[in-house]
Every structure is written in structure tokens, then in C-alpha cells.
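Structure record follows, encoded as C-alpha cells.
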Amino acid sequence: MALDQSALLGLLEELKLTDVSERIRVATERLYQELIDAEAAAFIGAAPFERTVERVAQRNGGRSKTLTTTAGQLDLRIPKLRQGSFFPSLLERRRRVDQALFAVIMEAYVHGVSTRKVDDLVRALGADTGISKSEVSRICANLDEDVAAFTNRPLNSTAYPYVFVDATYCKARVGRRVVSQAIVVAVGVAADGRREVLGFDVGDTESEPFWTDFFRSLKARGLSGVKLVVSDAHSGLVPAIAVAFQGSSWQRCRVHFMRNVLAKVPKVAGPMIAAIVRTIFVPRGKKALVHAQFAEVVAMLERSHPPVADMLETARDDLLAFTEFPSAHWQQIWSTNPLERLNKEIKRRTDVVGTFPNPAALLRLSGHVLIEQHDEWDSADRLYFSENSMKLLNAPTEEVTIAAAIDAAWTQDH
């Protein structure tokens, strides 16, 4: 979209107030933004506030994106659409993650803790002649700013009825020791059905104070409206959820629970017991039917495997918390499986490094993987739950069954 004379004069006045290097950055930023807006207008078939017969979509605000260039940091705004998605061809979706990986490898190399694998990667990246500590620090500082901005952004614009929490583990140097460090992630489903990465951190998953501080940081940023928290039964996590999310339900992940059960029984009996327990989670649409099947499974296992029956009975309320919510949601809220793909992507990236030079480097790389995933969800065509489906959370009981059937049909079609 061409700048008219008035806009050009305004830009000129703005540039007069800056030094030469800042003028280049401002001019580049303006050029990029104009090109993005022009591409968006061509994609949509209409400029902002313009009515045309060629229009194929409608704008729905925008999202900010910082682009690192040789001219400096460019603060850009990418238009969002009500239906479908738009991403400028000038930008690269995964660029920040690749920068973070490069920075971690360089940091490991500079600090002398690199393995042969990392040395090979450094050479493959064209840095076999070395890189200065100051250059590594500069790259890392820029990346850390992105992570800090994301993890400090406000969450008070909407409610998040469902929150999923999980952790994956990597190795990092702490002092002179190499120890296992957990990357913990909280993902929320917003009131309109969108998925968002709410926050992440690196720490000790068995420590209740760590989890409590993590949840309090989310609430301090405005996290509210939480009705159900889905997670594994880490020793420090469960009491922290009870403290931080009073009035919310806790769903114990059925997949993690099954692993705990199978660890207590002989291998030869594992497949049979797993098949029996899984019958509890066959979608039945009615809370009473699920509870009846649970009781039947417990009675059956009391005769053949009493310890498993005791485990089930002890975890009854936590395993069946999902039944208090719309049946259309059950399969997506009774485990942390929705985070499995995310954890795999984190592991895929972190496995390249192996042992991280420090926990900050681990947070930097995993944080950028999570930010990129958040951006993908934000621009995706499909929601985690439809908006009509999310309305079931507040619908009277008699309306839920009918609406759930309608939503199930919608899910099949999409």
C-alpha cells in the first residue's frame, strides 16, 4: 500500500528526531509494516474499512511480532482473520527457535562444555572459526527479552476454564554437576475455545514451593475462571493446585495413572489389566454410566488384583473429575495427552544440544519452542473446542445433552 504525501511528510518529521542508525531501523520497520499490510489486503481482497465484492475474509485485530534484523528490532503487527489465517511471506515462522538453538550451541561452545556432537553442529552452522563471548551474550540477551515479554504478558483479557500442566526433563549444568531439570508448561483453553501457552519455567517438579510460585505467577498476570486443572500426580504439584486454584477441580491424567498401575503388576498381566481399566473411559455420554462402569471394574479387579482395585478406589474422585463437565469435552480433558506433541517438539529441539550449559539456556530454547507453538495456535483455522461447545460449561443441565450432541456432529464435520 503506497504512502501518500501526508504520511511521507509525517515519517520525515519522525526521522528527523532520530540518529542515523535509528532512522534506518524506523524506516525499515515502516517498510516492512506497509508490505505486510499490502499483502494482507491482497489476501483478504479489501483494505481496512473497505467494502469490495472480492473480499474473502474479515480482519479480527492483530498480533505483535518482533523481528530481529541487521537494522535492529522491528516491532510489527500481523493482521488476524475471523476465519482462516494469514502469515506474511516476508517472515519465517520458525526463525526464533532456530536463533535460540544457535545461541544455546554457541553458549555451550564458548563455555567449553560442548560435546563432539555440539562441535560438529557448530561447524555445520559455519562458526568453526569461533564466536566471541560478547556476541553470544548479545544474541542471548535478545532472545531472553522475547521470553521475558511472553511470560510476563497479561492473561486478564478472558477466562481459562481448562488448564493443562505437564513437564518434560532435560539435563543441564548447575554449578559443577549435570542434573535433571524439568521444563514445566501450562496450557489453557480460553473461553472462546482457543488454546494458549500460559507460561513455562524450569525447576524441580517434586517441590511444592516451586509449583506454588509458578501458579501464583500465572494468577498475578490475571489467570482466572479456571474450572479444571489436568495434570499428573507429582508429589509437589497436587497440593500446589489445591492452594492456588481453590474452588477448581483436579483431573488426574488417566494415561499417567495407567503407567503407575502397570508398574505395580507383573508384565504378563499388564495388557489384560490395561484393557479392563480402559473400559471406564469409553465415551458413554452420561456421568452415571461412567461411574457404574468404574464400580464394576473395581469389583472385578478386587477378585484378581486387589492392589490395583485399591489404587483405583483411592483415585476415584480424581480420575472421574471429568464427568462433572460437558460430555463433548471428556476425551480432551481426561488426560494431558494434548501436551504430548508439545513435549515431543521440546525434546526434539533440546536433544540436539544434549547437556545445557545452565538452566537459563534450557529455558531460552524451550521457551522459544513454546512461543512458536503459541503463535501457531493463535493463527490456526481450527479451535480446540468450538465456541458453542464452550458455552456448554455454563448451560443448564437439561440443555447440555442436546448441545453436546450438536457439538459432536460439528466436530465430526470439521
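The values are calculated or read from the model by the stated rules, or taken from the named source; none is laboratory data. As the structure is a prediction and not an experimental result, all values here were calculated from the model. Methodologically, a virtual Cβ is constructed for each residue, glycine included, from the backbone with ideal geometry; neighbour enumeration extends over all protein chains shown.
The table for this structure:
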item	result
Residue within the range 396-409 that is at pLDDT 80 or above, assigned to a helix (DSSP H, G or I), over 23 Å from the mean Cα position of the chain (by Cα) and not assigned by TED's automatic domain parsing to the domain that holds Ala233 present	no
Subset tally (residues that are part of a loop (DSSP other than H, G, I, E, B) and either at pLDDT 80 or above or closer than 19 Å to Leu76 by Cα (or both)) for the range 19-52	7
Ser335, sole failed condition from (1) in a helix (DSSP H, G or I); (2) small (Gly, Ala, Ser); (3) within 27 Å of Pro161 (Cβ to Cβ)	(1)
Residue count, the range 351-379 (criterion: in a helix (DSSP H, G or I) and more than 13 Å from the chain's Cα centre (by Cα))	11
Odd one out for Ala275, checked against (1) farther than 26 Å from Pro161 by Cβ; (2) touching a residue at least 24 places away in the same chain (Cβ under 8 Å); (3) of a type in the set (A, V, I, L, M, F, W, C)	(2)
Hey, Arg259 assigned by TED's automatic domain parsing to the domain that holds Tyr162, in a helix (DSSP H, G or I) and farther than 20 Å from Pro161 by Cβ or not	no
Single condition Trp330 does not satisfy, out of (1) in the same structural domain as Asp201 (by TED's automatic domain parsing); (2) surrounded by fewer than 22 Cβ atoms within 10 Å (Cβ to Cβ)	(1)
The range 185-223, subset out of contact with any Leu (no Cβ under 8 Å at 6 or more places or on another chain) and in a loop (DSSP other than H, G, I, E, B), residue modelled with the lowest pLDDT	Glu206
Wholly enclosed helices (runs of 4 or more DSSP H) of the range 69-170 bearing at least 1 residues modelled with pLDDT of 65 or more	133-151
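Yes or no, residue by residue, for (1) polar (S, T, N, Q); (2) in contact with an Asp or Glu (Cβ under 6 Å, 6 or more places away or on another chain):
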{"site": "Ala141", "(1), (2)": "no, no"}
{"site": "Asp146", "(1), (2)": "no, no"}
{"site": "Thr151", "(1), (2)": "yes, no"}
{"site": "Tyr160", "(1), (2)": "no, no"}
{"site": "Thr168", "(1), (2)": "yes, no"}
{"site": "Lys171", "(1), (2)": "no, no"}
{"site": "Gly175", "(1), (2)": "no, no"}
{"site": "Val184", "(1), (2)": "no, yes"}
{"site": "Asp192", "(1), (2)": "no, yes"}
